[in-house]
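The values are calculated or read from the model by the stated rules, or taken from the named source; none is laboratory data. Computed from a predicted model, the values in this text were never measured in an experiment. Note: ideal-geometry Cβ built from the backbone for every residue, glycine included; neighbour counts use all protein chains shown. Note: accessible area is taken over every heavy atom of the protein model, side chains too, but ligands, DNA and RNA are not part of it. Shrake-Rupley method; radii C 1.70, N 1.55, O 1.52, S 1.80 Å.
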Amino acid sequence: MSFKCVNHEYYLNFGDRVLALIRKIFHNNPEFRHDSLKHVAHFAPFIPFMGGHPDKKKTLKRVVTFPDHSNSLYFGCPIILAAGANKTAKRICDYANMGFGGISVGTATRNYREGNTHRPRIGFLENERAIHNSMGLNNEGVEVIAKRVDQQLMKAHKVGMCVGVSVAETPGLTDENEKLKDVVESFSIAYKAGDYIEINVSCPNTGESRVDMDLTLTEKIFEEIMKFRNSQTLRKAVYAKISPDLSERHLVNIMDMLVRTGVNGVVVGNTYPTKKISELPVQTKFEDLTPLRADGDCGGMSGRPLYENMLWNVKYIREHYPQMSVIACGGIDHGFKIYDLIKLGVDAVQCYSVVAFRWMAAHAMRKELEAALYEEGYRSLAEYDDRNPKQTKVE
């Protein structure tokens, strides 16, 4: 299948302008908006103009299967709220009110982390529809998060939510054996709770070197993780969250390693290091950004400018590693983009920044995705899947 992927535009409606006003009012307290999402999700059904209810139609239901017969994943729709939005795993089902068909909670580390103590830790690029952050993996620890997921999982399934748990190595460890023990312990705890586990080896927001920069260590981590996974009665899917700024050679090395170790798929990708902002299609320069750490760093960027970079990575991986499940993440803010990515063979998408710029973004994108399907003669996503094999040749 040959087609052109477009960075589809959406046009501001009344709700989008309300969000812009909120951002303007609270521009000196960006974490307020970040933290308020959980309240919006909870109260959405009770505020008439929000239209916030779980969408129980089966039009966009998606089942993701795996060649190694890992447990299938069942999404009410292929739009996942990315890790970082719900760090606590509290009130997971509320996010179905916002239209999401899945959620990755966390990212969780082995123990409680305060995260970056510098303020602010979040900045907005209004004209670029982008956000940069350096939260520093603040979370309550994987045991607390996994327990909450376990308690809510059945209720989440009833409202069409598939729940993943994102875990990462604890920053600050220097001994390689300690690092391995730390991340495998976190994985084993999360494994008992989530539908799938997402290993974040590419976070640029802690002030320390990313794990994916050390391929030898990264391979050892995934070897130990998959050894644990393969010893379990239930085989749950394991995804690696990779960075969007990798060179082609580095990407190939990481993907070859993930195939060797038996990892099921990749999340493509994480936030983009702001030190490399000149590589993105933006007018903003690094020196224009608000410093988010004591050392002057500005963390990682998410939002609309990441789309073209993400798209290149997705095309490359689908072309050269068709056996891998792919979840696309980066600049996804329109349902037509989701349809383009599905035609490339992507199983689902993750997004978060868009909820700051589009009113009830997941509901809006669901409508656009349905419209894209109907335009090409499909009554549902399942019908599309039946008529189109996943192995898709891309340009």
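When the surface is traced with a 1.4 Å probe over the full set of protein chains, H157 keeps roughly 90 Å² accessible. Backbone geometry of region 259-266 corresponds, through the Karplus equation with coefficients 6.51, -1.76 and 1.60 at θ = phi - 60°, to 3J(HN,Hα) couplings of 5, 4, 7, x, 5, 6, x, 10 Hz, x marking Gly and Pro. Summary value for region 269-329: 35 percent relative contact order, contacts being C-alpha pairs under 8 angstrom separated by 6+ residues.
Accessible surface of the chain, 1.4 Å probe: 52 percent of it comes from carbon and sulfur atoms. A simple rule links phi to the HN-Hα coupling: the Karplus curve 6.51 cos²θ - 1.76 cosθ + 1.60 with θ = phi - 60°, which for region 275-287 gives 4, 9, 4, 5, 7, 9, x, 10, 8, 5, 9, 4, 5 Hz, with x for Gly and Pro. Computed over region 254-395, the convex hull of the alpha-carbon atoms projects to a mean area of 10.5 nm².
Give me the net charge for the shell around N230: Cβ to Cβ below 15 angstrom, other residues only, Lys and Arg +1, Asp and Glu -1. Overall, the nearby charge balance is +2. Shown here for region 53-152: GluC sites (Glu not before Pro) in loop regions (DSSP other than H, G, I, E, B) with at most 10 other Cβ atoms within 10 Å, namely E114.
Out of N177, N139, N116, any idea which swings most in a Gaussian network model of the chain, alpha carbons joined below 10 Å? Taking springs between Cα atoms under 10 Å, the residue moving most is N177. Taking a ≥ b ≥ c as the square roots of the Cα gyration tensor eigenvalues, region 98-231 comes out oblate, since a/c reaches at least 1.5 and a/b does not exceed b/c. Sorting T261, T233, T216, T88 by solvent-accessible area of protein heavy atoms yields T233, T216, T88, T261, largest first, with a 1.4 Å probe. Rounded to two decimals, the Cα-based Rg/Rh of the chain, with Kirkwood Rh, is 0.93. Amide H contacts of V268 (H built 1.01 Å from N, in plane; Pro and chain starts excluded): I327, A328, C329 sit under 5 Å, all sequence-distant by 5 or more or on other chains.
Surface calculation, 1.4 Å probe, protein heavy atoms: Y378 sits at approximately 20 Å² accessible. Converting phi to 3J(HN,Hα) with the Karplus coefficients 6.51, -1.76 and 1.60 and the offset θ = phi - 60°, region 188-203 yields 5, 6, 5, 4, 6, 10, x, 6, 8, 10, 10, 9, 8, 10, 9, 6 Hz in sequence order, with x at every glycine or proline. Using a probe of 1.4 Å, the accessible surface attributed to F222 totals some 0 Å² when neighbouring protein chains are kept in position. Per residue, the chain exposes an accessible area of 43 Å² to a 1.4 Å probe, with every protein chain left in place.
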